[in-house]
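K.L.:
Shown below is the structure under consideration.
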Amino acid sequence: MNEILEIIEQDPKKDPSEIALLTGYSEKEVQTRIKELEDSGIIRKYKAVIDWDRVGEEYVYAIIELKITLGDRSGYDTIAHRIASFNEVRSIRLISGDHDLSLTVRGQSMKDVAFFVAEKIATLDQVQSTVTHFVLKTYKEDGVPLFEQEKSRRLAISP
Amino acid sequence: MTYVKKFLSDKIKTVPPSGIRKYFDMVIGMDDVISLGVGEPDFVTPWHIREACIYSLEKGFTSYTSNSGLIELREAISDSFHNDYGVDYNPEDQVLVTTGVSEAADLALRAVVNPGDEVILHEPCYVSYKPSIILSGGTPVPVSTTRDNEFRVSGEQIEAAVTDRTKAIILSYPNNPTGAVMQKQDLEEVADVVMEHDLLVISDEVYDKLTYNGKHTCFSSLNGMEDRTILLNGLSKSHAMTGLRVGYAMGPPGLISAMLLIHQYTMLCAPITAQMGAIEALQNGEAEMQAMVREYNRRRRLFVTGLNRLGLDCFEPRGAFYAFPSVESTGMTSSQFAEELLHQQKVAVVPGEVFGQSGDGFLRCSYASSLDELKTALEKIEEFLS
Ligand SMILES: Cc1ncc(COP(=O)(O)O)c(C=O)c1O
């Protein structure tokens, strides 16, 4: 099971016949298992890692840290779910340390992101304070390095 | 050229040139070759290990180490063998850190071989053993392993090769070039012969971590073998550290001290940067190593299935990262196959006879290459065969 997941995590486009070859399961078994993994929500979604900088798309990303004062009845989950519902929010996590929630936000411009934070996030009752870090450059995204790797210097033939 | 030849020793003239060299020369200068001829991992040394090497340089660790190697490293090696195989080697006088298994094998042979002593080795095998035996003054006595016995060497075969001049046996499983492994009971058969004829075993287990169906058995863990085994191992294959040059030998103090004697005069010590990296590898490298093993295993399944589908009969290699298919069905010899395949399809493989006569008719194909490369190689071999 984990074997299949490890393969899919690296390459969601691999087809079941190849996964069968790689794992020793039959193609049918692989299909059944993947279906189970999808149905049970273990596989959430198949996604591509895109280097938007190369497309020339000038997205602006920011990491925003929030301090939260919890209301009487609601916990972190409630406020996190609210914030997560904004399209601009790419990820949101409860974190340890000085802040409580950390989000990644994507917008078309710095102004865009700044307004979003000022108008939609900072105004929330439970949000006590915000710190915004604009992203200048991304070097690695979700385990994938976005810079050129050195070519191997392995000899073509060795004992 | 001819003039300087007269300076050469008689011994060096008896060492045959490496058969690998010819194929290396053929490939060099060709562009876009997909090479299945590589005897080392395609992975780069895991970053945390490289980091430890860099950090050691930053701190200024650039000196010689103790001849035996850094004590922290010897302790880490000793601990790992205790944990993995339940064998105990005292880091003080039973572990010697060397510049790769290559050096360790040479030291072991030079420490024990007298002129005219015979050393039994099973072929096909790693290319250095035979020349190393000759250079140490011994006589190599090859026994041939076969496809029928999945390239395992049997106690019977060894027994038949024993004479009153036999000093030692070199064992090398998981095996380069065949990918063969020996199960515990196979090794026990060998151990019986070793006991009966009072022999020494030099066991090169550098691929011990790369096994795919069941765990490796360490030869010295067998009953009575601890005192008769020089165990050779290293980090080249398990932690993708080939170019850093670090290996080790373990055995009875009396033998290790003799090897240390040669080592201290000829090598002094293994490179300190590599030793620092090796400590990190042994202490914190398990997870990344296991990830590499899982990846090799996937490639192995894909590649071996692919070869068999193409009619290149290949037994299931359960260790190292080599497949050893037979070319019998093609009517070609293995060297014809290798040369034609390279020229027509730019896929490089090494013919089995390079690793000993009994490798004739087979090809060593390393699957330490990316899945994409392996798939392309299979397609090209298919085209070549059609
Ligand atoms: C069986 C065997 N022993 C030893 C070596 C050499 O190892 P090292 O890099 O530790 O010298 C190799 C490398 O290909 C090998 O295949």
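Here, each number is a calculation from the coordinates, and none is a lab measurement. Just so it is clear, the structure is predicted and the values come from calculations on it, not from any experiment. Note that each Cβ is placed from the backbone with ideal geometry, even for glycine, and that neighbours are counted across all protein chains shown.
K.L.:
Can you tell me the relative contact order of region A:54-140? Whole percent, Cα pairs under 8 Å, sequence separation 6 or more.
P.N.:
44
K.L.:
If you don't mind, another one. Give the average over all directions of the projected area of the C-alpha convex hull of chain B, one decimal, in nm².
P.N.:
Convex hull of Cα atoms, orientation-averaged projection: 19.8 nm².
K.L.:
Go through region A:35-90 and name the chymotrypsin sites (Phe, Trp or Tyr not before Pro) that are in a DSSP coil and have 10 or fewer other Cβ atoms within 10 Å of their Cβ.
P.N.:
Listed in order of number, the matching sites are A:Y46.
K.L.:
Of the residues A:R90, A:R106, A:R73, which exhibits the maximal mean-square fluctuation in a Gaussian network model of chain A defined by a 10 Å Cα contact cut-off?
P.N.:
Evaluated over chain A, the most mobile residue of the options is A:R73.
K.L.:
Now, a different point. How would you classify region A:1-49 from its alpha-carbon gyration tensor, with a ≥ b ≥ c the square roots of the eigenvalues: rounded for a/c under 1.5, else prolate if a/b is greater than b/c, otherwise oblate?
P.N.:
oblate
K.L.:
Find, among the trypsin sites (Lys or Arg not before Pro) in region A:1-61, those assigned to loop by DSSP (not H, G, I, E, B) with at most 12 other beta-carbon atoms within 10 angstrom.
P.N.:
Sites meeting the loop and neighbour criteria: A:K13, A:R44, A:K45, A:K47.
K.L.:
Let me ask something else. Shielding by partners for A:148-158, please: the mean number of other protein chain Cβ atoms within 10 Å of each residue's Cβ.
P.N.:
What the average comes to for A:148-158 is 6.
K.L.:
Dividing the alpha-carbon Rg of region B:199-297 by 2.2 N^0.38 Å yields what?
P.N.:
Cα Rg divided by the expected 2.2 N^0.38 Å: 1.18.
K.L.:
Right, something else. Just rank B:M26, A:M1, B:M241, B:M267, fewest to most, by other beta-carbon atoms within 10 angstrom.
P.N.:
Starting with the residue having the fewest Cβ neighbours, the order is A:M1, B:M267, B:M26, B:M241.
K.L.:
Okay, next question. What 222 nm value per residue comes from the helices of chain A, counting each DSSP H run with n ≥ 4 as -39,500 (n - 2.57) and dividing by all residues, nearest 500 deg cm²/dmol?
P.N.:
Helix contribution divided over all residues of chain A: -8500 deg cm²/dmol.
K.L.:
Could you work out how far apart the two model spin labels at B:A287 and B:N67 are, taking each label as a point 7 Å from the Cα in the direction of the beta carbon, and quote it in nm?
P.N.:
Result: 4.1 nm between the two label points.
K.L.:
Along Cα→Cβ, 7 Å out, is where each label goes; now give me the distance between the ones at B:H82 and A:S96 in nm to one decimal.
P.N.:
The two pseudo-label positions are separated by 3.1 nm.
K.L.:
Amide H to amide H, which residues 5 or more places from B:T166 or on other chains are under 5 Å from it, using H placed in the peptide plane?
P.N.:
Here the answer is B:E118, since their amide H atoms fall under 5 Å of that of B:T166.
K.L.:
What is chain B's relative contact order, in percent, from Cα pairs under 8 angstrom and six or more apart in sequence?
P.N.:
24
K.L.:
Follow-up question, since we're still on this one. With runs of 4+ DSSP H residues as the only contributors, calculate the mean residue ellipticity of chain B at 222 nm using -39,500 (n - 2.57) per run, divided by the residue total and rounded to the nearest 500.
P.N.:
-13000 deg cm²/dmol
K.L.:
Report the percentage of all Cα-Cα pairs in the protein assembly as shown whose separation exceeds 29 Å, rounded to a whole percent.
P.N.:
62
K.L.:
Another question about this same structure. A:E9 to A:E148: FRET efficiency via 1/(1 + (r/R0)^6), r the Cβ-Cβ distance, R0 25 Å, to the nearest 0.05?
P.N.:
It comes to 0.60.
K.L.:
Build a GNM of chain A with springs between Cα atoms under 10 Å: which of A:F115, A:F134, A:F147 gets the top mean-square fluctuation?
P.N.:
A:F147
K.L.:
If you take every DSSP beta bridge whose two residues both sit in the protein assembly as shown, what share of them, in percent to the nearest 5, is antiparallel?
P.N.:
Taking every DSSP beta bridge with both residues in the protein assembly as shown, the antiparallel ones total about 60 percent.
K.L.:
At a Cα cut-off below 18 Å, give the aspartates and glutamates reachable from A:K45, other chains included and same-chain residues fewer than 8 away excluded.
P.N.:
A:E3, A:E6, A:E9, A:D11, A:D15, A:E36, A:E141, A:D142
K.L.:
In peptide B:299-310, how many Cβ atoms from other protein chains are near each Cβ within 10 Å, on average?
P.N.:
Mean inter-chain Cβ contacts per residue within 10 Å come to 2.
K.L.:
Moving on. What nm distance separates the two modelled labels at B:E379 and B:T333, each placed 7 Å from Cα along Cα→Cβ?
P.N.:
Simple spin-label model gives 3.3 nm for this pair.
K.L.:
Among A:K111/A:K140; A:K13/B:K209; A:K14/A:K35; B:K22/B:K375; A:K13/A:K137, which pairs are too far apart, with a Cα-Cα distance over 19 Å?
P.N.:
Checking Cα-Cα distances, A:K111/A:K140; A:K13/B:K209; B:K22/B:K375; A:K13/A:K137 exceed 19 Å.
K.L.:
Nearest 0.05, what FRET efficiency do A:E141 and B:N213 give at R0 = 41 Å with Cβ-Cβ as r?
P.N.:
That pair, A:E141 with B:N213, gives E of 0.65.
K.L.:
Reachable aspartates and glutamates from B:K167, Cα under 16 Å, same-chain residues fewer than 8 places away excluded?
P.N.:
B:D106, B:D117, B:E118, B:E159, B:D192, B:E196, B:D198, B:D227
K.L.:
Taking the alpha-carbon distance from B:K59 and a cut-off under 19 Å, which aspartates and glutamates remain once sequence neighbours fewer than 8 residues away in the same chain are dropped?
P.N.:
B:E51, B:E72, B:E280
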